[in-house]
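The values are calculated or read from the model by the stated rules, or taken from the named source; none is laboratory data. All values derive from a computational prediction rather than experimental measurement. Here the Cβ positions follow ideal geometry from the backbone for every residue, glycine too, while neighbour counts run over all protein chains shown.
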Amino acid sequence: MPLRAAIPADIQPLAELWDQAFPGERTLAERARQLELGIPYGGIESVWVLEDAGRLVGTFKALRFREYIAAAPLAMLGLAAVAVAADARRRGLGRRLCQDAIRVGRERGDLVSALYPFRPDFYHALGWGLTGELHEFCFRADALPDAPARRHVRAATAADRAAIADCYARVAARSNGPIARAERAWDHHLGQTRACVYDDGRTRGYLLARYGRDRAPEARTLHIHELLAEDDVAYGGLLAWIACQRDQWPRVRYQARAAELLALRLRDPRPPGYRPARRLWFPTARVLRGPMIRVLDVAGALAARTRWGERDHALTLRIEVQDAEVPENRGPWILEIERTGAHVRRAQGTARAHAGLATDAATFAQIYAGELLPSAAARLGRAQIEGAADAIDRAFRVHEPFWLLDEF
Ligand SMILES: CC(C)(COP(=O)(O)OP(=O)(O)OC[C@H]1O[C@@H](n2cnc3c(N)ncnc32)[C@H](O)[C@@H]1OP(=O)(O)O)[C@@H](O)C(=O)NCCC(=O)NCCS
């Protein structure tokens, strides 16, 4: 059964297949229109299909993104909309489609891949590892601190769009996890939310909010869809703006990035009406997981990384990745990390290194994206380390926990 790139004539059968695979999300007509227009993240040009006797039995989207991991921009394959016709399931076609997607990504030069799983272990077996978390808080708006900087926060207008996108781009480029956003992604985010900006002459932060529909005054909730700021003053100003909405929106729901340390900023981080946990502990945020990351090209991804933890002197590491889907990824690789950057080459004979790491593809992806330190992977029985474990941990340490706010 050959895989082929989709063509415009596939749009209708594709919309029908996805309507069956992901029921209720969109109408058939909306699906077809989105494919034609390529919104929000890519259209028919990113779709691949599998046919059996002239009938479409499987498909996926190989979306093209640039993703910042440890602040380095990497070509990323966004694997989405994997679907198999209802009568062709549990025969290995879903797995085959993912293997094909890995090949499509490698052939066009993608170094990593990200996806949102229907079931994590399915993709883990194919080399993707769960990465990043969001902390979902529901709190009283009056639990947020006020700050004088809120005077610089105002409702955004259409004229603020470029400044919001630029602010996001500056934050993303120094971060760990987010993608660069194209115009059509901004249409998607701004189209379903109301935006506010922190603007003291320059837009240094923004928030995107949705108004909840609960009619009971006590339960009215302001949903914060996204809140990003370039510095603590702008961040504090945006939080203070939310606090000021308390008479209209007594509750706030926000899925914060781990690095925001929101629990430590709230006067009372307990959700309204919470139930105690254990005997004397109480809940704060619910932990959300979603993205899974895979490294498609181990040598390429190592060479593309520019930040290598804290180091006093040059470090040579030996890295071996057992990757059943991409045997070329195995190496072993010799990674020489110097002050000016890193060099990667295939190990010859018994090349000397300060430390060695041997692991599987999913665990390597988690180490690469800062989800797991090599020593923690070893404790879990998912990696072997030889030599200076602390040096290899320091090399792979990232400056902030992984976060990705675009869902595809
Ligand atoms: C999710 C989906 C793509 C899986 O497709 P599929 O073709 O059934 O996938 P596979 O056959 O490769 O694997 C499914 C399971 O069947 C098993 N299987 C494969 N061949 C088999 C066979 N001959 N006999 C019995 N079981 C088999 C696989 O081992 C796998 O189980 P495991 O993950 O527990 O090991 C499909 O169910 C679907 O389209 N779902 C709706 C849309 C969706 O959720 N997409 C995912 C978006 S992230």
Flag if Gly236 is buried (at least 18 other Cβ atoms within 10 Å of the Cβ) and at positive phi = no
Among strands (runs of 3 or more DSSP E) entirely inside the range 285-348, those with 3 or more residues being more than 30 Å from Tyr274 (Cα to Cα) and over 21 Å from the mean Cα position of the chain (by Cα) are 315-322, 333-338, 341-346
Residue pairs qualifying under the 9 Å Cβ cut-off, at least six apart or on distinct chains, with the first in the range 68-89 being at pLDDT below 95 and the second being of a type in the set (Lys, Arg) and within 16 Å of the ligand (Cβ to nearest atom), are none
Listed by range, strands (runs of 3 or more DSSP E) wholly within the range 151-235 having at least 3 residues that are more than 21 Å from the chain's Cα centre (by Cα) and free of Cβ contacts under 8 Å to residues at least 40 places away in the same chain are 203-211
When Gly38 is run through (1) within 21 Å of the chain's Cα centre (by Cα); (2) at pLDDT 95 or above; (3) over 23 Å from Leu126 (Cβ atoms), the failure sits at (2)
Quick check: is even one residue across the range 251-265 surrounded by fewer than 14 Cβ atoms within 10 Å (Cβ to Cβ), over 20 Å from the mean Cα position of the chain (by Cα), more than 27 Å from Gly177 (Cα to Cα) and modelled with pLDDT of 95 or more?
no
Being surrounded by fewer than 16 Cβ atoms within 10 Å (Cβ to Cβ), in contact with a strand residue (DSSP E or B) (Cβ under 7 Å, 6 or more places away or on another chain) and among the charged types (D, E, K, R) narrows Arg213, Arg194, Arg174 down to just Arg194
Report task. Answer with yes or no whether Tyr68 is within 23 Å of the chain's Cα centre (by Cα) and under 29 Å from Trp308 (Cβ atoms). Result -> yes
Over the range 297-343, the set of residues among the acidic types (Asp, Glu) and under 23 Å from Ala125 (Cβ atoms) is Asp297, Glu320, Asp323, Glu325, Glu328
